[in-house]
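The values are calculated or read from the model by the stated rules, or taken from the named source; none is laboratory data. This structure is a prediction, so every number in the text was calculated from the model and none was measured. Cβ atoms come from the backbone with ideal geometry, glycine included; neighbour counts cover every protein chain shown.
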Amino acid sequence: MNIAQNSFEKCIKCTICTVYCPVAKANPHYPGPKECGPDGARLRIKSLDYYDQALKLCTNCKRCETACPSNVNVGDIIAVARGKFEKKVINPKLMRDFILSRTDLFGTLSTPFAPVVNKITDSQIIKTVMHKTIGIDKHKALPKYSQGTFRNWFKKNAPDQEQYPRQISYFHGCYVNYNDPDLGKDLLKVLNAMNIGLKLLNKEKCCGVPLIANGFHDKARKNAHFNVKNMTEAVEKFNTPILSTSSTCSFTLKQEYPHVLDVDNSQVVDKIEYITSFLLREFMNGNAPKLKEINKTIVYHTPCHLERSGLAIFTIELLRAVPGLKVIVLDSECCGLAGTYGFKKENYDVSMKIGKHLFETIKNSDADYAITDCETCKWQIEENTNLKTIHPINLIAQGLTA
Amino acid sequence: MKFDSIIIGGGIAGYTAGLRCLEAGLKTAIISNGQSALHFSSGSIDLLSHTPTGKIIRNPEAVFEKFAREFPEHPYSKVGKEIVFESLDWYKKILASAGIPLTHQENGDNHFRITPLGTLKSTWMSQPYIYQLPVRLEEHQVQRIIVVQIDNFRDFNSKMVSDNLSQIPEFKDIKIKNVSVSIDGFSGLKRNPCELRSIDIARILSDDHEISLFAEKLKKIASPDDILILPAITGNGDGLAVLNKLHQLTGLTIHEVPTMPPSLLGIRLEEAMSRLFINNGGALLKGDQVTKGDMAEDGDTLRLKSIYTRNFKEMPLTAANFILASGSFFSKGFKAHYNQIKEPVFDLDLNTIEERKSWHQEQFFSQKSHPFLSIGIKTNTAFNPMHKGVVVNNLFCTGSSLAGYDPIAQGCGSGVAISTGYYSVNQMLNNSGVNR
Ligand SMILES: Cc1cc2nc3c(=O)[nH]c(=O)nc-3n(C[C@H](O)[C@H](O)[C@H](O)COP(=O)(O)OP(=O)(O)OC[C@H]3O[C@@H](n4cnc5c(N)ncnc54)[C@H](O)[C@@H]3O)c2cc1C
Ligand code: SF4
Ligand code: SF4
Ligand code: SF4
């Protein structure tokens, strides 16, 4: 069932969603969620001429949905309309959107040559060329690729993992696979310390969120079907939960598949879980790994999609359970990067304006680390505050005693 | 997940209770499905403007005991005078610490505020840029009123305001004028300004240059002795700072009126409370909805053991005590079916009116109050509700979910929300469930 289809009828026109939209806050030309979502949906039924190109300014952060008192799926309505009606004009920006959204394709191509690729994308000249030709903003550093993928590393460790009495399946996503295998390795350590083994899905593709954000819904739908099939297999064969360390991957697998892509995931949806909620439950049931004191201060930033899933509380409570750690919870607001959005030249200024308050608070905070659950928030915070930003799992791995 | 106390609903009642729980050192969570009635309110705290029989009240404190004797079912009568005023004092302090100074008349009288319709409404405590008219209206000091129409802004109509104000007998000798002012920032917009809501204008005016241009225009149309009526169009959370700047630049006496929703005045209160709650260590589950709970028998009463939400379908949230602050119909605290009204989470007993016909008056803008507005959850004197006649001993009901009063007709919405939120936490601390 695609709930975005008719949920606009529940809208009472109160405009509260627009109050909490980070893009409308920073860009007065963006009409905001009410006009682009439920108002526009009504008109678009009448004629596609009412489709407004301004919809592509939406970052798909879903903060409008968290605010709406009438439970309208405002962000979904906008995302669905973009997938259906956005015209793809063949120009260099389309190529840019293509590159930014094919995280797995370019990951596969780049990881074998990581040091070279990282150097190239880091060079000032290449940055300027990309800015001028395809519109990747010159202020941005593209994510670094790691040398060798997580999957490859895991192959050597797989047999060990099977000795543990309990198992989970791990959806690592593109980021862990190509950019930050260390996060996956840390997860493995933490789980092993809790006497749990880690499995991978037989195969997985990018969850599809950058494809959705860039309006390539057909390709995203293909990935979704592929992933649902592989997750179903894992559940049928091993009956494991499917865990993700990316707040965005898990949100997409659970919610965007049915709501935006119209892909049925009902047979696995209850098995998919974001890592901190799984861990906290284990901790509370007495299965916490031994942790030494971490006498540090951290600021915690809530990613938009974790906020929308209502799961930020798990991460926060998990961090509060780490002995010695001082946890400061920042105002929940968008960092401005929103996946691929802030990389684009035309969005750079708005993206920086959205994140300004967050960056300033972090800069003034005296913290040892920033912690967040989302890889793109991490890039944005590190790039604009110079504070090392890590995943909750990285921190817990630091505390392991053995 | 386990807490000392869990609060269902993030309106003024829920936040009052939440902040009090944190003060008492309890591990506290608030679960709130979307923004509250504050997003539609004036941002003034109504205490008590009328008795249920329609008599006007000038000084709520002076008549309190008599009121409590006459209307024992009213929530105020259960809370008692001392706690009602203690809670308001506490609320005032809390909000001042969050940057929103609220004031009331020194003698404890209600005051009138001018509404967006150009009528007068009696309230008790207001934000800084609300001009407080005396309830003995003949004693007012107003010389001239200037009502500002923002060009192209459709959610506020100055003509209606000035027309209605001139009907008020006590105002017959004062000059009331309405003047149009344009906002320069509209001209560069790629959007139709007629589609702009208060929040869009607030964002344009958050620019220092825009606000000084606006100030110049206001200075030309009014002088410091006038009351300048402006629709609430400043700030996205920091509205008072923008108004302070406007006041500094112009020296004018500004009176803000809420516009069609969203009401920036009410949003200010909600955001201040929410930020305070998080900073003080509370857990806020925003955009989530409590769907059901597990009750267990406890002697001849019931005990709420745990609750489930849209996001926590499998893993229950447990607490020693729970507070229900889920509001009224508008916030989905109640649900009206064709022939029946229900409290949707726990199916608590309501003081419903059987006949659908008698839920409301014939006229929408009727002088008499609509009976459905007094429908609410039946409670004992500790504000514990009942489920099929059996008391739930660790659940406390607050705010507009309660039966026995009409927040609109009796002008007591926020007062009841604050005092019952505060009082419930007192009850909870006395409850044996909290072993501290
Ligand atoms: C349009 C309007 C204007 C008003 N203006 C004023 C005014 O100017 N001054 C005044 O003093 N009073 C005013 N009132 C009266 C108002 O009712 C009270 O002042 C007060 O705001 C009520 O607060 P509350 O916390 O009880 O409920 P609400 O503010 O309604 O809050 C209830 C909260 O509970 C949440 N909720 C409901 N069900 C669930 C669930 N199952 N799970 C999780 N969360 C849930 C809702 O989303 C909401 O956030 C006004 C009322 C209305 C309707
Ligand atoms: S907040 Fe919800 S009900 Fe209000 S305008 Fe936005 S979508 Fe409509
Ligand atoms: S999803 Fe985010 S950016 Fe898009 S309309 Fe909603 S709040 Fe605005
Ligand atoms: S959210 Fe996860 S799977 Fe999706 S693009 Fe990002 S890393 Fe890839």
Exercise. Of all residues in region A:40-89, count the ones that are of a type outside the set (A, V, I, L, M) and more than 16 Å from ligand 2 (Cβ to nearest atom).
Key: 16
Practice problem: Name the residue, out of B:Ile204, B:Ile146, that is in contact with a helix residue (DSSP H, G or I) (Cβ under 7 Å, 6 or more places away or on another chain), within 14 Å of another protein chain (Cβ to nearest Cβ) and surrounded by 15 or more Cβ atoms within 10 Å (Cβ to Cβ). | Solution: B:Ile204
Self-check item: Cross-chain or 6+ apart pairs with Cβ under 8 Å, region B:179-196 first and closer than 17 Å to B:Ile211 by Cβ and away from chain A (no Cβ under 11 Å), then outside any loop (DSSP other than H, G, I, E, B) and among the acidic types (Asp, Glu)
Solution: B:Ile183/B:Glu210; B:Asp184/B:Glu210
Self-check item: Residues satisfying the stated conditions in region B:53-97, i.e. crowded, with 18+ Cβ neighbours inside 10 Å and outside any helix (DSSP H, G or I)
Solution: B:Ile57, B:His74
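One line per residue, one yes/no per condition, for (1) at pLDDT below 90; (2) assigned to a loop (DSSP other than H, G, I, E, B); (3) buried (at least 17 other Cβ atoms within 10 Å of the Cβ):
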residue	(1), (2), (3)
B:Met273	no, no, yes
B:Thr291	no, no, no
B:Leu304	no, no, yes
B:Lys313	yes, yes, no
Practice problem: Looking only at region A:324-346, decide whether some residue is within 16 Å of ligand 4 (Cβ to nearest atom) and among the hydroxyl-bearing types (Ser, Thr, Tyr). | Solution: yes
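On the given criteria, is A:Thr59 within 16 Å of ligand 4 (Cβ to nearest atom), farther than 14 Å from A:Leu211 by Cβ, more than 14 Å from chain B (Cβ to nearest Cβ) and modelled with pLDDT of 80 or more?
The answer is yes for A:Thr59.
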Quiz item: Looking at B:Phe322, B:Phe330, which is the one that is more than 10 Å from chain A (Cβ to nearest Cβ) and not basic (Lys, Arg)?
Solution: B:Phe322
Quiz prompt | Residues that are surrounded by fewer than 16 Cβ atoms within 10 Å (Cβ to Cβ) and either within 14 Å of chain A (Cβ to nearest Cβ) or of a type in the set (Lys, Arg) (or both), drawn from region B:218-268 | solution = B:Lys219, B:Lys220, B:Asp238, B:Ala241
Practice problem: List the number of the failed condition for B:Gln105; all other conditions in (1) out of contact with any helix residue (DSSP H, G or I) (no Cβ under 8 Å at 6 or more places or on another chain); (2) more than 17 Å from B:Pro60 (Cβ to Cβ) hold. | Solution: (2)
Quiz item: Here are some conditions: (1) surrounded by 23 or more Cβ atoms within 10 Å (Cβ to Cβ); (2) within 16 Å of ligand 3 (Cβ to nearest atom); (3) of a type outside the set (Lys, Arg). A:Gln255 meets all but one. Which one does it not meet?
Solution: (1)
Quiz item: For region A:382-402, which residues satisfy the criterion of being at pLDDT below 90 and assigned to a helix (DSSP H, G or I)?
Solution: A:Glu382, A:Glu383, A:Asn384
